[in-house]
Amino acid sequence: MPRKTRLFALLPLLSISLLLAGCGAVSANRTATAPIQSPSATPSPTPSPDPSPTPPVGPASFQINLQQTAGRLIPPPNGEITLDTVANNGAGNVLTPIGAGLNTTAFLQFCSFFIDDSSGCINVASFIPSATGINMDFVFPQHGTFTGFFQLADANGQFAVSLLQGPANAPGVPYRSALLPAGSLTVPLVQITGSASGGGSITLVGLTAHIMLKGTTPNHTFSFAFCDNVQCTVVANSSFTTDAQGDASADVVLSQLGEPLFAVIDSDGVEFVNAFRVE
């Protein structure tokens, strides 16, 4: 369905932890080892202030399905978008069989969460639609860390949009994305964010989400959530705990899929979201 204008208000942190939706089951690595104490009698130095969230090294790869907007094209232009698979340089690709009925210049656009879809999207690339399909490389035009969705649009508006999975008869590619600190986003979330360091990844096959975190807060409990409309909604029974190195791996079985904005949260707010980085 075409996206509508969204207006969002900042929610109190308490609402994040109280809102529970959907049935979920989680299997996580809950093994935690106590830190080794140093035998030195030298007093520990005064702790430094918590650092600002920093993304992990390595490419923040991103892959998602591209699905038609209802009523625009026959046949539907289901396909995929990939980004940053080799390096964080904004290099991406659109692969989709564009259907008949388009004969003017169209645009690949990116819309950050949470913004007005009609006015807050940026043009990433332009192209001439083809009845035989497109295989278009592009370079994301801005630098920073971003979360949101891609869409294809022409003078009549959106005709395809990135979604978590394709239609039932063509499920498409497995979803995957880096999990990056929410506080590092170039376009801030209209949510309370924490300051945890590290990062990770998320993949989604069917209704099973696999979450991995590395180098974040040790021996710490996080929960998994969808962010849609005006709040981040925690998936029931989705809590998992990092080990002594701040690493964790968890599988969460979802009852349904919402907007393609995932979050890992704790009592401080939204810590990590699915995102990509362009350096």
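Of note:
- Qualifying residue in the range 213-220 (condition: at pLDDT 95 or above, surrounded by 21 or more Cβ atoms within 10 Å (Cβ to Cβ) and under 15 Å from the mean Cα position of the chain (by Cα)): yes
- Enumeration of residues in the range 133-147 that are crowded, with 18+ Cβ neighbours inside 10 Å and at pLDDT below 85: 134
- Every residue from the range 118-132 that is at pLDDT below 80 and either within 20 Å of the chain's Cα centre (by Cα) or open to solvent by less than 30 Å² (accessible area, probe 1.4 Å) (or both): 120, 129
- Scanning the range 221-243 for residues that are modelled with pLDDT of 95 or more and open to solvent by 10 Å² or more (accessible area, probe 1.4 Å) yields 221, 223, 239, 241, 243.
- Condition met for residue 150 (in a strand (DSSP E or B), closer than 21 Å to residue 59 by Cβ and modelled with pLDDT of 80 or more): yes
- Residue satisfying all of: in the range 203-212; open to solvent by less than 20 Å² (accessible area, probe 1.4 Å) and more than 10 Å from residue 264 (Cα to Cα); modelled with the highest pLDDT among these: 209
The values are calculated or read from the model by the stated rules, or taken from the named source; none is laboratory data. Treat the numbers as computed from the prediction; the structure is a model and nothing was measured. Neighbour counts are summed over all protein chains in view; Cβ atoms, including those assigned to glycine, are modelled from backbone coordinates with ideal geometry. The protein model used for the area step is the full one, side chains on, heavy atoms only, and it has no ligands, DNA or RNA in it. Shrake-Rupley method; radii C 1.70, N 1.55, O 1.52, S 1.80 Å.
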